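Worksheet: the structure to be examined is printed underneath.
The values are calculated or read from the model by the stated rules, or taken from the named source; none is laboratory data. If you're wondering where the values come from, they're calculated on a predicted model, not measured in any experiment. Ideal geometry is used to build each Cβ from the backbone, glycine not excepted, and the neighbour counts take in all protein chains shown.
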Amino acid sequence: MSLLLVKFFPKLKLVYSRKRNNKVHKNFFKVLKYNHHRIDRIVCVSQAVKDVLTPVLNNNDKAQVIYDGIDVEKFENSLDTGILRASYNIPEKTLIIGNIAGLTRQKDLFTFLDSAKIILAETNKKIIFLIVGQGPLEEELKAYAKELGIHKHVIFTGFRKDIPEILPELDLFLLSSETEGLPLSIMEAFACKVPVVATAAGGTGEAIINEETGMISPVKNPKKLAANATKLINDPELRNKIINKAFELVNSKFTLKVMEQNYYNFYKKIRD
């Protein structure tokens, strides 16, 4: 519809935005769509998104990476107020490992639960796993947690609006996604000084450098995901190093101010 509309405005610039790194099939309609002469630029939220798009592009320069940003101050000023512990009767010395996501196939929370079972078996620490979000797989995931025998260690909170308030309570953010563009949830964790263990889904690896700004694991590999989480739990020196470097990264590369400046430069360039 946009392409039809711009026919009536010959001087109008059309910019297409793409945020997912799911595979783009090289068929007639996809090639026609992404190579249309009226699309001036395609903004990709990560290099991973650009990489899946370039096979269908006649001109790779048409695609440009501009990272999304977050309101860092909103998260870095948040304090651990104990909301989660009070709401779900979680004892003070119990570790909280969480994931904030829609309960969909893309987020692969089955791998999250598989990892949780391994982590519980490999440590004597008391741990509660929190899944914050809602979605079509909720009942299936609850049944799977019960099948694994870990349902007493897993809490499904449903959708919550108070993410900046509850995120600082997490001892570890465990991301198990199968596909991602560039998940802003890990940026929010960085800003809250919560260490991140994640799968190398999409653009995640563009923010997480292993043992520098987080711990990175192969997709759909619960053993490696669990091993990285356990390592971070048991190594406070590595944990502190990751927290500090991730905090520096989000403040230098993934703020709203940085994103706004990048978009300003981008639009000014294509206008000129």
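Some points to look at:
- Just one of (1) of a type in the set (Asp, Glu); (2) within 30 Å of residue 192 (Cβ to Cβ); (3) assigned to a helix (DSSP H, G or I) fails for residue 68. It is (3).
- Set 139, 169: member being over 26 Å from residue 259 (Cα atoms) and out of contact with any helix residue (DSSP H, G or I) (no Cβ under 9 Å at 6 or more places or on another chain): 139
- Cross-chain or 6+ apart pairs with Cβ under 6 Å, segment 88-103 first and assigned by TED's automatic domain parsing to the domain that holds residue 133, then surrounded by fewer than 14 Cβ atoms within 10 Å (Cβ to Cβ) and at pLDDT below 95: none
- Residue match in segment 13-27 (condition: surrounded by fewer than 16 Cβ atoms within 10 Å (Cβ to Cβ) and among the small types (Gly, Ala, Ser)): yes
- Residues satisfying the stated conditions in segment 21-60, i.e. among the aliphatic types (A, V, I, L, M) and out of contact with any Lys or Arg (no Cβ under 8 Å at 6 or more places or on another chain): 31, 32, 48, 57
- For residue 121, the stated conditions hold: it is modelled with pLDDT of 95 or more, within 23 Å of residue 219 (Cα to Cα), among the small types (Gly, Ala, Ser) and in a helix (DSSP H, G or I).
- Residue within segment 213-224 that is touching a residue at least 24 places away in the same chain (Cβ under 8 Å), farther than 18 Å from residue 114 by Cα, among the hydrophobic types (A, V, I, L, M, F, W, C) and buried (at least 16 other Cβ atoms within 10 Å of the Cβ) present: no
- Boolean, residue 269 is over 22 Å from residue 94 (Cβ atoms), part of a helix (DSSP H, G or I) and modelled with pLDDT of 95 or more: no
- Among the conditions (1) of a type outside the set (Gly, Ala, Ser); (2) over 25 Å from residue 123 (Cα atoms); (3) in contact (Cβ under 8 Å) with a residue 60 or more places away in the chain, the only one that residue 249 does not satisfy is (3).
- Scanning segment 140-184 for residues that are polar (S, T, N, Q), within 10 Å of the chain's Cα centre (by Cα) and surrounded by fewer than 23 Cβ atoms within 10 Å (Cβ to Cβ) yields one hit, 179.
- Residue 50 passes every criterion in (1) part of a helix (DSSP H, G or I); (2) within 18 Å of the chain's Cα centre (by Cα); (3) under 30 Å from residue 154 (Cβ atoms) apart from (3).
- The test for being under 22 Å from residue 193 (Cβ atoms) and under 19 Å from the mean Cα position of the chain (by Cα) does not hold for residue 86.
Quick grid of which residues meet (1) modelled with pLDDT of 95 or more; (2) at negative phi; (3) outside any helix (DSSP H, G or I):
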residue	(1), (2), (3)
29	no, yes, no
61	no, yes, no
97	yes, yes, yes
113	yes, yes, no
128	yes, yes, yes
136	yes, yes, yes
140	yes, yes, no
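- Within segment 221-246, the set of residues being in contact with a helix residue (DSSP H, G or I) (Cβ under 6 Å, 6 or more places away or on another chain) and not hydroxyl-bearing (Ser, Thr, Tyr) comprises 222, 225, 226, 229, 232, 239, 246.
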